[in-house]
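Here's the structure, in structure tokens; my notes come after.
The values are calculated or read from the model by the stated rules, or taken from the named source; none is laboratory data. As the structure is a computational prediction, the values presented were derived from the model and not from experiment. Counting neighbours? That spans all protein chains shown, and the Cβs are built from the backbone with ideal geometry, glycine included.
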2 protein chains.
Amino acid sequence: MKMMEEKLKIDKISKGTVIDHIDAGYALTILNLTGLDESKNLITIGVNVSSKKYQTKDIIKIENVFLNETQMQQISILSPNANISLIENFKVIEKKKVKLPRTIKKLILCVNQTCISNSEKEPIDSEFTVLEEKPLKIQCIYCERIYKLEEIVFTSIEKKEKILKQRIRL
Amino acid sequence: MKMMEEKLKIDKISKGTVIDHIDAGYALTILNLTGLDESKNLITIGVNVSSKKYQTKDIIKIENVFLNETQMQQISILSPNANISLIENFKVIEKKKVKLPRTIKKLILCVNQTCISNSEKEPIDSEFTVLEEKPLKIQCIYCERIYKLEEIVFTSIEKKEKILKQRIRL
């Protein structure tokens with residue numbers, strides 16, 4: 001009986017957002033990057049869930065939270081096939097697909113120290129052109145350096161003002 | 001109908017581990033620290049789930065994985081009230097409570113640069129005495145510096161050899 005209650009509590013979302021068809025293994029990175037992991041709301045996450053469309057996928061359900069434009073763009077970089085559903089009264093009231101923009105501004109750091117986006121005197125906002133969507137390949141518009149997904153260093157706008165819960169020294 | 005299938009896939013674990021009664025908001029840190037987030041197995045996570053015993057809690061279910069001693073100790077530091085259940089054929093075959101040891105060896109870094117545990121010539125393994133369990137207060141046995149939970153820097157044994165999926169510059 002207790003098990004049954006547990007299930008209900010974890011599963012049902014009356015109002016909030018479902019992020020589905022996340023590339024397998026990316027849900028936790030998405031939560032971290034978007035700052036959603038700092039939420040005090042109920043979040044349920046499935047990692048490596050079997051999927052008909054893709055082999056495996058991740059899924060995130062978060063109560064009482066709707067995503068902003070920055071968060072949608074961060075998700076599109078990590079998982080261009082993700083779907084966003086907005087839930088009200090346990091029903092899907094809107095479905096969106098994330099869309100990777102042609103140029104990505106501010107969200108990613110160019111790690112080339114000599115790139116003018118890193119100029120100490122007059123730093124300018126980073127900007128990258130998307131060369132290929134999947135697997136992702138982007139190019140800095142200033143120094144022309146090319147990055148693959150696994151080489152990207154994100155700047156976390158949502159987390160900038162926050163204290164990390166725990167640091168891990170690798 | 002599709003919704004029902006999704007639920008089943010996410011909920012049932014035939015074999016593996018359930019980590020329950022994790023302090024609210026610590027599940028993602030636990031997954032990161034223990035290296036469980038690198039698993040290719042099905043993981044379901046509930047964050048800020050309402051609980052009778054405590055107000056809210058986190059819960060992690062991971063298929064086909066059983067925890068080692070290091071992982072159990074890492075969990076005990078972050079969530080001394082956590083319960084571990086081992087599952088076989090959808091049934092709990094063993095229940096364990098994590099136990100915070102009196103001394104914590106190697107898992108935590110003393111950030112005091114002059115502490116002999118950080119000696120460049122002859123570094124020795126860190127060791128901390130647990131002064132208080134909740135809220136956690138530990139003391140380095142060498143330099144006697146005292147740390148609260150939120151000040152702790154962990155050394156991630158599980159992750160040392162691994163490449164991070166994505167870096168975030170704060």
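Taken over the range A:40-53, the criterion of being assigned to a loop (DSSP other than H, G, I, E, B) and facing chain B (nearest Cβ under 7 Å) is satisfied by A:Lys40, A:Asn41, A:Leu42.
On the basis of being closer than 22 Å to A:Ile152 by Cβ and modelled with pLDDT under 95, does A:Lys40 make the cut? So A:Lys40 fails the test.
A:Ile124 passes every criterion in (1) in contact with a helix residue (DSSP H, G or I) (Cβ under 7 Å, 6 or more places away or on another chain); (2) β-branched (Val, Ile, Thr); (3) closer than 29 Å to A:Ile62 by Cα apart from (3). Only one of the numbered conditions (1) at pLDDT 95 or above; (2) under 30 Å from B:Leu107 (Cβ atoms) is not met by A:Glu158, and that is (1).
A quick yes/no check of all residues on (1) surrounded by fewer than 18 Cβ atoms within 10 Å (Cβ to Cβ); (2) over 18 Å from A:Lys95 (Cα atoms); (3) facing another protein chain (nearest Cβ under 9 Å); (4) of a type outside the set (Gly, Ala, Ser):
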| position | (1), (2), (3), (4) |
| --- | --- |
| A:Gly16 | no, no, no, no |
| A:Ile22 | no, no, no, yes |
| A:Tyr26 | no, yes, yes, yes |
| A:Leu31 | no, yes, yes, yes |
| A:Thr34 | no, yes, no, yes |
| A:Asp37 | no, yes, yes, yes |
| A:Gln55 | yes, yes, no, yes |
| A:Lys61 | no, no, no, yes |
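Determine which single condition B:Thr70 fails, assuming it passes every other condition in (1) surrounded by fewer than 17 Cβ atoms within 10 Å (Cβ to Cβ); (2) part of a helix (DSSP H, G or I); (3) modelled with pLDDT of 95 or more. The number of the failed condition is (3). The number of residues in the range B:77-99 that are in contact with a strand residue (DSSP E or B) (Cβ under 9 Å, 6 or more places away or on another chain) and closer than 15 Å to B:His21 by Cα comes to 14. Residues in the range A:54-67 that are farther than 20 Å from B:Glu38 by Cβ and in a strand (DSSP E or B): 3 in all.
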